[in-house]
Amino acid sequence: MIDRATVDKIIDAARIVDVVGEFVTLKKSGVNYKGLCPFHDDRNPSFMVSPSKNICHCFVCGKGGTPANFLMEHEQITYPEALRWLAKKYNIEIVEKEMTDEEREAQSERESMFIVNEWAKDWFHDILKNDPDGIAIGKQYFRSRGIRDDIIEKFQLGYAPQKRDALAQASKAKGYKPEFLVKTGLCFERKLEGDNKELEGDRGQLIDRYAGRAIFPWFNVSGKVVAFGGRVLDSRTKGVAQKYVNSPDSDIYHKERELYGIYQAKKAIVKEDRVFMVEGYTDVIAMHQAGIENVVANSGTALSTYQIHMLHRFTNNITLLYDGDEAGIHAAMRGTDMLLEDGMNIKVLLLPDGDDPDSFARKHSTEELKRYIEENQTDFITFKSRLTVENVTDPVKRSEAIGGIVKSISVIPDQILRSTYISDFAHRVNMKEQTLIAEMNKYIRGRLSTDRLTPSPSPSGEGSGNTQGQNEGQTQGQGLSTPLPLQGGAGGESPIEELLIREVVRHGEEIIFSDVETDDGQKVSLSVSQYINYDLSADGLQMTTPLYRQILAEAVAHQGESGFKAETYFCGHPDMQVSQLATRLAIDRHQLGGRFEIDKDEEDEEKRHQNLVDRVRQRVLHLVMDYRFGIVEQKLKDIQRELLQVGSDRERMMQLLKEHKDTKELRDILAKRLGTELVV
């Protein structure tokens, strides 16, 4: 673990122009630099580098950040690896943090497991290439599957001898401890039952888990071997219940957090801005051999949030590529709502009956395969509609299917995309769009109500009562009890939310209210981030975009830290999504051009800072009221829409009319404060 002081030293030393300049040809542009973006096919220089802010940003694809973030994206490495890269460049000695005995023991065990796995990978691979049985049995199996030698090398495929303790004996000769062979799952201990004296000496003997199997090493995103998959050879598959045996979960491997092929695919995923998801090892390998490298496998399990977040680091676009039988259809339906909720754009392609990606790729050239995928993949909502709604005549089944698709659409965070899907789906099933929107909003409100069970974090120290800061930014006595979303009622990202988060990123640590007295007599100061968080959470409101909520919560959590500066913290955030968003919000074309930079000699430093704080305070107050106004406006629209559909339910109609009256009064109060001219 790198010592905190060393991390700070590395960050201070790293210069964005130096780092980016090693990969991109930069030209001076005013006070900044520009060049062709290395993250997309850029023909006109759109990649800007700001020495003063020590960040970079592409105005087309949005990628960039600090020197460390740039390296993480460009080289597809982790944050610690980026820091080590920078330390080497600037000749900074890495000082490891002094760990406790427990931490040191845990790290030592993990490192030992990685070392054992790396050795085992090389041993399996060497057996395949040089051992007579490996060549005659293992290599022949891979050749029968049409796998070339270069692909065998690329994936470091191997073979485990049929002798049940061959690996255990080889590792013992190399001096590896048996406990790590068991912890990694390479071996297991033979446990004998009863008092069989003849076999007593075998009790506790290590047995190879993968004996007689073809070996597929699992590499994590950083290239470390975390696990293995072993396939029984074709000649032995008849009657075998388990063709594949995989490593059990361990301290270094959790199946739900890993994807087979991610290490070999990550650069291609970024380049193509798409990932293909298949089911098995050989599907991944066959696709690579066919020239399509942006492909990974989840090995027959439903996608987990960990896997989705890993993929989202590299792309927003995923194509589920499965065979067209019932199992393939089932696989295509698993985990899709989680993908949609995470903002992934999903396409689905089911291959012709009798083919999986492995067999299909072997039958076609690269050009034919790419053309077939391009012409036949379809968006997930269309796929699900064709599968579950079209040609279904039973009213109950059709209604359930429509409800399921509307529920899937409701989790999509992008408001425009969600609206487009609803409109297209309404046309496809010949239903009124408003009916589907009303159904969708029920799902959204239900989800938001569930989210409210977990209270939003409050800024430390400001108490629970109304403050002067709260009174200036909201209407007292008429709080909003339901965190309704802005615009469209579907929980999507709103422009005002982004403007609020821009203030958090740029000025989150700035104190905009001093000596505010709470109801219990305490006097507190509120920063930009604390005020926004307090004002929203006072009425149970929260930002609808998860990334915005994360940024606001972290800004509040770090407020009390000495030297905390929100812009520096978020632009250098190890989470690539956070750093890229923060970089985009921290700079714009005008700032990068340097035309509006203030001369520090222009006026007194203290006065200039006070003017900045005053302007920030006014912006934040206005934005918070704007945010509330948008919520109230949307609530009015929802009530009006429900009034049109309430029918003969008089009791519900009276409730809605009262809600409409109260909400309209609140809307008018907020509008007066904002100076908004209303059309009634």
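The values are calculated or read from the model by the stated rules, or taken from the named source; none is laboratory data. Remember, it's a predicted structure, so these values are computed and weren't measured experimentally. Reconstructed Cβ throughout: ideal geometry from the backbone, glycine too, with neighbour counts over all protein chains shown. In case anyone asks, the SASA skips ligands and DNA or RNA and just uses the protein heavy atoms, side chains included. Shrake-Rupley method; radii C 1.70, N 1.55, O 1.52, S 1.80 Å.
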Subset of the stretch 546-574 [acidic (Asp, Glu) and buried (at least 19 other Cβ atoms within 10 Å of the Cβ)]: Glu554, Glu567
Selection within the stretch 179-191 - closer than 17 Å to Glu111 by Cβ, not charged (D, E, K, R) and not in a loop (DSSP other than H, G, I, E, B): Phe180, Leu181, Val182, Thr184
Where a residue in the stretch 40-59 is open to solvent by 20 Å² or more (accessible area, probe 1.4 Å) and its partner, wherever it lies, is among the aromatic types (Phe, Trp, Tyr), with Cβ under 7 Å and at least six apart: Met48/Phe59
Some residue of the stretch 244-258 being modelled with pLDDT under 90, more than 17 Å from Leu369 (Cα to Cα) and among the small types (Gly, Ala, Ser): no
Unmet criterion (only one of (1) surrounded by fewer than 17 Cβ atoms within 10 Å (Cβ to Cβ); (2) outside any loop (DSSP other than H, G, I, E, B); (3) at pLDDT 85 or above) for Gln577: (3)
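Residues checked against (1) closer than 28 Å to Arg274 by Cα; (2) at pLDDT below 90:
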| residue | (1), (2) |
| --- | --- |
| Arg15 | no, no |
| Asp42 | yes, yes |
| Pro51 | no, yes |
| Cys61 | yes, yes |
Filtered residues of the stretch 259-277 (kept if farther than 22 Å from Glu341 by Cβ and either touching a residue at least 60 places away in the same chain (Cβ under 8 Å) or open to solvent by less than 10 Å² (accessible area, probe 1.4 Å) (or both)): Tyr260, Gly261, Gln264, Ala265, Lys266, Lys267, Val270
First in the stretch 664-675 and closer than 12 Å to Gly630 by Cα, second anywhere and modelled with pLDDT under 70 and not hydroxyl-bearing (Ser, Thr, Tyr), Cβ under 6 Å, 6 or more apart: Leu666/Gln478; Ala671/Leu678
Subset of the stretch 390-443 that is hydroxyl-bearing (Ser, Thr, Tyr) and open to solvent by 60 Å² or more (accessible area, probe 1.4 Å) - its residue that is farthest from Ala332 (Cα to Cα): Thr435
Lone qualifier among Ile215, Ile262, Ile285, Ile207 - being in contact with a Leu (Cβ under 7 Å, 6 or more places away or on another chain) and either among the charged types (D, E, K, R) or modelled with pLDDT of 90 or more (or both): Ile215
Any pair with Cβ under 7 angstrom, 6 or more apart, that starts in the stretch 1-29 at a residue that is more than 17 Å from Lys88 (Cβ to Cβ) and open to solvent by 30 Å² or more (accessible area, probe 1.4 Å) and ends at one that is at pLDDT below 85 and aliphatic (A, V, I, L, M): Met1/Met99
Among (1) among the polar types (S, T, N, Q); (2) part of a loop (DSSP other than H, G, I, E, B); (3) in contact with a helix residue (DSSP H, G or I) (Cβ under 8 Å, 6 or more places away or on another chain) - the single one Thr6 does not satisfy: (2)
Within the stretch 120-168, considering residues that are assigned to a loop (DSSP other than H, G, I, E, B) and under 26 Å from Lys266 (Cβ atoms), the one most open to solvent (accessible area, probe 1.4 Å): Arg148
Residue within the stretch 588-597 that is under 27 Å from Leu71 (Cα atoms), assigned to a loop (DSSP other than H, G, I, E, B) and at pLDDT below 80 present: yes
Count of the stretch 243-291 residues which are more than 23 Å from the chain's Cα centre (by Cα) and part of a loop (DSSP other than H, G, I, E, B): 6
All positions within the stretch 28-42 that are more than 12 Å from Phe70 (Cβ to Cβ) and in contact with a helix residue (DSSP H, G or I) (Cβ under 7 Å, 6 or more places away or on another chain): Gly30, Asn32, Tyr33
Enumerated strands (runs of 3 or more DSSP E) restricted to the stretch 14-74, each holding at least 1 residues that are farther than 19 Å from Leu86 by Cα, in contact with a Pro (Cβ under 8 Å, 6 or more places away or on another chain) and of a type in the set (Lys, Arg): 27-29, 32-35
Asp662 vs. criteria among the charged types (D, E, K, R), open to solvent by 20 Å² or more (accessible area, probe 1.4 Å), out of contact with any Pro (no Cβ under 7 Å at 6 or more places or on another chain) and within 30 Å of Leu499 (Cβ to Cβ): yes
Qualifying residue in the stretch 297-310 (condition: among the hydroxyl-bearing types (Ser, Thr, Tyr), modelled with pLDDT of 90 or more and surrounded by 15 or more Cβ atoms within 10 Å (Cβ to Cβ)): no
Check on Asn117, open to solvent by less than 20 Å² (accessible area, probe 1.4 Å), assigned to a helix (DSSP H, G or I), under 24 Å from Leu311 (Cα atoms) and modelled with pLDDT of 85 or more: no
Those residues of the stretch 352-379 which are at pLDDT below 85 and not acidic (Asp, Glu), in sequence order: Pro352, Gly354
